[in-house]
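What follows is one structure encoded as structure tokens, with my remarks underneath.
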Amino acid sequence: FALLLAIDLLHTPQTERFTVTRSVVLDAEAGEIWPHLLDLQDIQPAEGRWNFAQNIMQIPRPSAAVVQGRGIGAVRYAKWGSDIRFEEHITQWEEEQRLVWAFVFPDNSISRYTDPHISPDGEHLKILEGGYVLTPLPGGRTKLTLHTRYDAKTPINLYAALWGEIALGGIQSNILKIIEGRV
């Protein structure tokens, strides 16, 4: 801890941008998957898969994600557990191909479950964008890719990158498993 504090005091943090990406190949065409990206309600705790952030850190699991509206400007309302809420403001909408959003955090519901230094819209971490890409594959299969882009501004951004791969990557794998189970 003392070493990290010394590094913090001696270095001016630089902002670095990171992207965490996970994919799954589904035995379904994009048209069968797309509706689940827009309306994923009543997610049960048993759906998905084990991940560090939600099983060890005890960040609540997703319980719903529903888009209101259509096209660019629509809002995807996400809820995790009974308390965490955030919004995903749609910036790209290509039917059955791509859905991209800017994250909006209307309150501190996420940072209550994590270290306040890693608030998703804070000084040290800013989660910017996320989205899905559907890539058709032979045989009626589709590769579904989920990405999250964020800025880190810490004296040791390598830690932020590691946190992103473990925590965000695990959450992404969980969400993709939920969609796979629903499809």
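The values are calculated or read from the model by the stated rules, or taken from the named source; none is laboratory data. Nothing here was measured: the structure is a model prediction, and the numbers come from that model. All Cβ positions, glycine included, derive from the backbone under ideal geometry; neighbour counts span all protein chains shown. All accessible areas refer to the heavy atoms of the entire protein, side chains included, with ligands and DNA or RNA removed. Shrake-Rupley method; radii C 1.70, N 1.55, O 1.52, S 1.80 Å.
Tell me, yes or no, whether segment 109-120 has at least one residue that is touching a helix residue (DSSP H, G or I) at 6+ places or on another chain (Cβ under 9 Å) and among the polar types (S, T, N, Q). Looking for residues that are touching a helix residue (DSSP H, G or I) at 6+ places or on another chain (Cβ under 9 Å) and among the polar types (S, T, N, Q), one finds at least one in segment 109-120, hence yes.
Quick check: anything in segment 137-153 within 24 Å of Gln58 (Cβ to Cβ) and either charged (D, E, K, R) or touching a Ser or Thr at 6+ places or on another chain (Cβ under 6 Å) (or both)? Within segment 137-153 (the criterion being within 24 Å of Gln58 (Cβ to Cβ) and either charged (D, E, K, R) or touching a Ser or Thr at 6+ places or on another chain (Cβ under 6 Å) (or both)), the answer is no, since none of the residues qualifies.
Just one residue in the set Glu16, Glu32 is assigned to a strand (DSSP E or B), open to solvent by 60 Å² or more (accessible area, probe 1.4 Å) and either closer than 19 Å to Val133 by Cα or modelled with pLDDT of 85 or more (or both); that residue is Glu16. Set side by side, the residues Ile179, Ile166, Ile171, Ile156 differ, and just one is of a type in the set (Val, Ile, Thr) and within 10 Å of the chain's Cα centre (by Cα), which is Ile171. Out of curiosity, is Ile72 open to solvent by 50 Å² or more (accessible area, probe 1.4 Å), among the β-branched types (Val, Ile, Thr), at pLDDT 95 or above and over 30 Å from Pro155 (Cβ atoms)? So Ile72 passes the test. Exactly one residue among Gly181, Gly170, Gly139 is out of contact with any strand residue (DSSP E or B) (no Cβ under 7 Å at 6 or more places or on another chain), surrounded by fewer than 14 Cβ atoms within 10 Å (Cβ to Cβ) and either in contact (Cβ under 8 Å) with a residue 40 or more places away in the chain or part of a helix (DSSP H, G or I) (or both), and that residue is Gly139.
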